[in-house]
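Scroll down for the structure; my scribbles are underneath it.
The values are calculated or read from the model by the stated rules, or taken from the named source; none is laboratory data. In this text, all values refer to a predicted model and were calculated from it rather than measured experimentally. Neighbour counts are summed over all protein chains in view; Cβ atoms, including those assigned to glycine, are modelled from backbone coordinates with ideal geometry.
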Amino acid sequence: MSDFLVRPVAEGEQRACHGVLYEALHAPALSDEAWERFSPAFPAERKFAAFAGDAPVGIVSSRAVEVLVPGGALVPMASVDGVAVRADWTRRGVMSAMMAAQLADLAARGEPLAGLNASEATIYGRFGYGVATCGKSVRISSGRARWRPGLGGAGRVRLLDAQEAVKVPPGIYPECGPLRPGMLTRPDGWWSENHDGLVTADGQHRVAVHAGPAGDDGFVVFGTKDRRTFEDSERGASLRVVDLHGATAEARTALWQFVLSVDLVREVYARGLPVDEPLGEMFTDPRACRVTGIDDELWLRLVDVDAALNARTYFDAEPVVVEVEDRYLPANSGRYVISASGAERTSAAAHVRLDVDTLAMLYLGEWRASSLVRTGRVAVADADAVTRLDELFRTAEKPWCGTHF
Ligand SMILES: CC(C)(COP(=O)(O)OP(=O)(O)OC[C@H]1O[C@@H](n2cnc3c(N)ncnc32)[C@H](O)[C@@H]1OP(=O)(O)O)[C@@H](O)C(=O)NCCC(=O)NCCS
């Protein structure tokens, strides 16, 4: 018998659970006043905690969102966050027990997908999550960045005051997303937890909005830092872009043009951008923009493999029988025949075998089956089937999430 018990968080237990989370993330505990403001974004609903006696020692949360999948359907997804275990309880299976409880709950709710952002890449594969989108980090040298001729439209960019900065972007985001596979809807709780604190007085970030011919159609959240010192007065400031969305390519370009026009800024940094955004190629000197990294972005979990496979569309190729292994939700394990018209269970012999985390890597189109064969993630009984799988799962564009949670 284990010395902890995993159960749903009850009303009144949120603050103690939040304390476990912030301590594990090395964040300062919230004052009574800050908790008063923040607590509506931390409801007991959809949270599981591990308790040792009355004290919470671990916590997992989720929120109901939707994710765009290839073909254009918006599919219910549990956005999993707030995963933490108290430092004196780690590596005793606390998180594993909480993840098992959460996955069983999500399956019972009928949510076909779950997704998360991982603090470390070694944690979540065992629970069936796979890297389903990636994002790139860039460093742009403002001095070198000259825009190629003809870029920029008739729109106008304006800065918002702190009150508008809280209110306006949630109204613009639905114009900008979800537009491509991997993008999420953003519920109110996402904004209060991830955005509001950044842009109000002490958060030190500003919001600029782009208005195109049909009205507001994009926004950027950014922060600046003055880096000048007594010894180096030429260093200027740096600017970091934390959230940039546009309903159109013109709106995105105009927002980039704005951040690069801010006086005294020498370098602009951004993370989690679409890997295929042609930022450097918009400059006369493409090396003005350096890609400094490509990181995993959305980790996806097919909670109901049948429903998830049938929620997306496929390109045309002869059917492939895929055998899926799911240790945490064994009802998913089995063989599926996937064709241009969808997926169904089959007793036919498998062409390929893979674990459910690998299926998640294929699902939005980030990876090709033939690439994953090389990683040892796909066992192949019929080599032609891999080529067909590449074609079936092909997507018109690279997936991108663009929402950190
Ligand atoms: C990550 C965390 C929740 C793991 O909790 P835990 O209770 O120690 O996890 P478990 O004991 O259930 O570990 C399950 C397995 O995952 C492995 N694992 C857990 N955390 C890991 C980590 N950070 N890096 C590598 N492996 C990890 C364990 O070694 C174990 O492997 P095993 O089954 O082969 O022995 C905990 O370390 C933590 O709170 N970290 C700080 C906050 C954080 O990073 N949260 C995640 C936010 S996305």
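Brief remarks on what is shown
- No other residue among 240, 312, 301, 252 is under 24 Å from the mean Cα position of the chain (by Cα), over 30 Å from residue 334 (Cα atoms) and surrounded by 18 or more Cβ atoms within 10 Å (Cβ to Cβ) apart from 252.
- In summary, residue 48 fulfils each of the numbered conditions (1) surrounded by fewer than 22 Cβ atoms within 10 Å (Cβ to Cβ); (2) within 14 Å of the ligand (Cβ to nearest atom) with the single exception of condition (1).
- Entirely in segment 122-212, the helices (runs of 4 or more DSSP H) that have 3 or more residues that are among the small types (Gly, Ala, Ser): 162-176
- Scope segment 125-140; condition under 23 Å from residue 84 (Cβ atoms), over 14 Å from the mean Cα position of the chain (by Cα) and not small (Gly, Ala, Ser); matching residues: 126, 127
- Taking the criterion of being near the ligand (Cβ under 8 Å from one of its atoms) and not small (Gly, Ala, Ser), the residues of segment 79-97 that qualify are 81, 83, 85, 86, 89, 90, 91, 92, 94, 95.
- Applying the condition of being under 24 Å from residue 88 (Cα atoms) and away from the ligand (no atom under 16 Å from the Cβ) to segment 20-43 and asking which residue is surrounded by the fewest Cβ atoms within 10 Å (Cβ to Cβ) yields 31.
- Flag if residue 156 is more than 16 Å from the ligand (Cβ to nearest atom), modelled with pLDDT of 95 or more and among the basic types (Lys, Arg): yes
- Residues of segment 51-66 include none that is modelled with pLDDT of 95 or more, over 14 Å from residue 21 (Cα atoms), part of a strand (DSSP E or B) and among the polar types (S, T, N, Q).
- Condition check for residue 60: within 16 Å of the ligand (Cβ to nearest atom), crowded, with 20+ Cβ neighbours inside 10 Å, under 20 Å from residue 131 (Cβ atoms) and among the β-branched types (Val, Ile, Thr): yes
- Scoring residue 130 on the criteria (1) small (Gly, Ala, Ser); (2) touching a residue at least 60 places away in the same chain (Cβ under 8 Å); (3) more than 30 Å from residue 234 (Cα to Cα); (4) more than 16 Å from the ligand (Cβ to nearest atom) leaves a single failure, condition (4).
- From the list 120, 66, 111, the lone residue that is among the acidic types (Asp, Glu) and within 16 Å of the ligand (Cβ to nearest atom) is 120.
- Of all the residues in segment 213-235, those that are assigned to a loop (DSSP other than H, G, I, E, B) and farther than 27 Å from residue 264 by Cβ number 2.
- Of the strands (runs of 3 or more DSSP E) lying entirely inside segment 329-405, the ones with 1 or more residues being acidic (Asp, Glu) are found at 342-345, 352-355.
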